Ligand code: PMV
C-alpha cells in the first residue's frame, strides 16, 4: 500500500515578533529538532483526519468550516482542483503547541505537502506558504505570515509583511537554548492585547515597533557579517522593548535571569510571549551550566539548537 509522508520543522523568531504584524521586519529560523509529520495511506471510505497527539479523529465531511486541519486539506484540494481521496491523513507533531514554536504552521505545511504528493502533484514553496498562511488566519486572525514562510522554506528568513520573503546566510553559526516555560499562550491573545494597547496609545506603540525594527536590522547585519558577539546585547534590547509592549511574563523573566546568571550572553522571548519559550544565546563552554540553570528555574524543557548549521531538509 502506498504511504506518503511529509514533514515541516518548528521555528523560532530571533528578532522582531509583534512589530512584524505592523509592517516592521523580523528574522526567524527553522528548528529541525522538532517537527510535524503528515502520513497518508489509502482506506475504504471517506477522507479521515487523525491527529494522534490531540486524540482526535474525524471525517473531512464532518469537520466544521474553521477546523485548521480540515482547512489545510480543503485548501489543498481546491488548489489542485481535486476531490478528497479515500485515505487517512495521520498527523503527528513533536512541536509543543501554543508556545511560540510555530506548531500550527508546521502541521499545515506537512498536511499540504503530503496531500499534494499523494495526489501526484508538486506545489511550489510560495503556494504552500500561501495556503498555510490562510490556515494561520484561523489560529490568530491577523498573522504577519512569518511562521508559514520560515516553516515552508526551512531556511533563515528576513520577513516583512507584503514583500517577498528573503532567505539569508548565517556567516558564523551560533548556539541557542530554547527553554519552555510550560505556559500555553495562544498567539491570538497576546496579538489582541498589543492591538488594544496600540489603539489606546498609538504613538507610543508605533515608536516601540520602530525601535524593534531597528534592532532587527542591526541583528541581520551582525548575523550576515559573522559578528555573533553583538547578538546577546541585541536580544536584551529586543526583550526590553517586548516588555514595554507587555507581552513578557514573570516566568520568562525568571528564566532569563537564571540563564544570564549562569553565563548566557543574552535572552529574549520568542513568538507571541505571555508564556511559551525563551531563547538564550550561549557559548559552548557554558551551555550545560545554563541549561541546568534554566531547568532549576522552572523550565519544563530545554532544546539546544545550532543556528546556521547546514540544515537537513525536513521535507519527507
Ligand atoms: O507565537 P507564534 O509562533 O505564533 O509567533 C507569533 C509571532 C507574532 O509576531 C507575535 C505574530 C505574527 O503573526 O507574526
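Here residue 125 and residue 261 are evaluated by their C-beta separation; at R0 = 30 Å the FRET efficiency comes out at 0.10. By the Kirkwood approach, averaging reciprocal distances over each pair of separate Cα atoms, the chain gets a hydrodynamic radius of 19.8 Å. Compared with the direct C-alpha span, the chain from residue 167 to residue 94 gains 23.8 nm at full extension, assuming 0.36 nm per residue. Cβ crowding within 10 Å, taken as a proxy for footprinting-reagent exposure, orders 236, 1 from fewest neighbours to most as 1, 236.
Going by how many other Cβ atoms sit within 10 Å of their own, how do 139, 18, 204 line up, fewest first?
On the way: 139 18, 18 29, 204 13.
In order of increasing Cβ crowding within 10 Å: 204, 139, 18.
Round to a whole angstrom and tell me the spacing of the C-alpha centers of the range 65-140 and the range 253-293. If we compute the Cα centre of each part, the gap is 32 Å.
Panel order for 181, 32, by other beta carbons found within 10 Å of each beta carbon, from fewest to most: 32, 181. For the chain, the relative contact order comes to 23 percent (Cα pairs under 8 Å, sequence separation of at least 6). Each of residue 137 and residue 184 was given a label point 7 Å from its Cα along the Cα-to-Cβ line. The distance between the two points is 2.5 nm.
The label-point distance for residue 224 and residue 61, in a model that sets each label 7 Å from Cα toward Cβ, rounds to 5.4 nm. Note on residue 54 and residue 244: their simple-model spin labels are 3.8 nm apart, each label 7 Å out from Cα toward Cβ.
Sequence-distant contacts, meaning Cα pairs under 8 Å at least 6 residues apart, place the relative contact order of the range 165-302 at 37 percent.
Peptide packing for 37-46, 109-118, 56-65 was compared via the average number of neighbouring C-beta atoms within 10 Å per residue; ordered from the highest value, the list is 109-118, 37-46, 56-65. Peptides 149-155, 9-15, ordered by how many other C-beta atoms sit within 10 Å of their residues on average, highest first, read 9-15, 149-155. Here the peptides 218-227, 85-94, 262-271 are ranked by packing, the mean other Cβ count within 10 Å, and the order with the highest first is 262-271, 85-94, 218-227. Our helix-only sum for the chain, with -39,500 (n - 2.57) per DSSP H run of n ≥ 4 divided by its residues, gives a mean residue ellipticity at 222 nm of -13000 deg cm²/dmol.
We did not get these values from a lab; they are worked out from the coordinates using the rules stated. This is a predicted model, so every value here is computed, not measured. Cβ: placed from backbone, ideal geometry, glycine included. Neighbour counts: every protein chain shown.
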